[in-house]
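The values are calculated or read from the model by the stated rules, or taken from the named source; none is laboratory data. This one's a predicted model, so the numbers in the text were calculated from it and none came from an experiment. Glycine also receives a Cβ, built like all others from the backbone with ideal geometry; neighbour counts cover every protein chain displayed. The accessibility values were calculated without ligands, DNA or RNA, using every heavy atom of the protein model including side chains. Shrake-Rupley method; radii C 1.70, N 1.55, O 1.52, S 1.80 Å.
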Amino acid sequence: MGRERQERLYRVDAIVLKRKEIGEADRLLTCFTRDQGKMTLIAKGIRKPASRKAGHLELFTHSRCLVARARTWDIITQAEAVNVYLPLREDLIRTSYAYYCAELLDRLTEEQDEQQEMFDLFLETMERLCQAAELRIPTRYYELRLLDLAGFRPELFNCLACGEEIQPTTNYFHYAGGGILCERCGVEVVGSRRVSLPALKILRYIQTRPYSALKALQLRENVHAEVEDILYHYMTYMLEQNLKSARFLRLLREQIRGMGEPADAERPAIGAT
Ligand SMILES: [Zn+2]
């Protein structure tokens, strides 16, 4: 019995993306794990007042878990929080951004598809959302890195249609094609939208620089809005076959907007290449 029990158990390093109450006192958790990618695990009895697991399996909490194999959902038998990212719980705007990031990760991945870099990216992003004064830059960085890791890296340097190098003028973004069309090709393609030069520069800058290089980035409000809009629509386009998730992202985005952005006066846009 003892040995059999040992073999049925395994450890995971996990972060809780989503949770759902089931049964009398249980919770079904969508977790992203370091070694096994996304998994659905069950935490039994977690809603009982005396549960020792409760504080360790909150949303966005990074925990070390001991899990028992089971027929339907594997069962979390023990959990110990590594980081609870407290500011994400205490500040509603930070909470909304974390929800948005978790939702994207959930929608862009399949179960049991190991993605260690995504796991690390998500943890780093939660840390940044706890600390940063301006939450939009870490979120845009997260979106572009996540797109890379999920295999949807947008082409920002050469025209999707003619292959020519993109010139410093107003170009077009084509969602279905996944990138930029030059001034000449873009006008003729249905479903492409204009991209201003500052917005394209910022997209390229974020796509090709480490996060440490972005800390000093200060954008005009209209550039912030344009970059956010392009990435949001690109992701919505990719998730379109799953209309529910696209709608969910839209609701989250409206919620974030409704709460307002941190005060940010007009500042000169930095010149990025
Ligand atoms: Zn072209």
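Structure values in brief
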read-out	value
Every residue from region 129-180 that is of a type in the set (Ser, Thr, Tyr), away from the ligand (no atom under 11 Å from the Cβ) and farther than 14 Å from Ile206 by Cβ	Thr169, Thr170, Tyr175
Within region 65-86, considering residues that are in contact with a Cys (Cβ under 9 Å, 6 or more places away or on another chain) and buried (at least 16 other Cβ atoms within 10 Å of the Cβ), the one nearest to Ala132 (Cα to Cα)	Tyr85
Pair list, Cβ under 7 Å, 6 or more apart: region 192-218 residue over 16 Å from Tyr232 (Cβ atoms), other residue of a type in the set (Gly, Ala, Ser) and not in a helix (DSSP H, G or I)	Pro198/Ala269; Lys201/Ala272; Tyr205/Ala272
Scope region 181-192; condition within 9 Å of the ligand (Cβ to nearest atom) and crowded, with 21+ Cβ neighbours inside 10 Å; matching residues	Leu181, Gly186
Region 160-180, residues that are exposed (fewer than 12 other Cβ atoms within 10 Å of the Cβ) and closer than 18 Å to Glu226 by Cα	Pro168, Thr169
Number of positions in region 34-64 that are outside any loop (DSSP other than H, G, I, E, B), open to solvent by 20 Å² or more (accessible area, probe 1.4 Å) and under 13 Å from Glu21 (Cβ atoms)	1
Matching residues, region 174-223, being in contact with a Ser or Thr (Cβ under 7 Å, 6 or more places away or on another chain) and polar (S, T, N, Q)	Ser196
Evaluation of Ile202 against (1) more than 13 Å from the ligand (Cβ to nearest atom); (2) surrounded by fewer than 20 Cβ atoms within 10 Å (Cβ to Cβ); (3) among the aliphatic types (A, V, I, L, M) (one fails), failing number	(2)
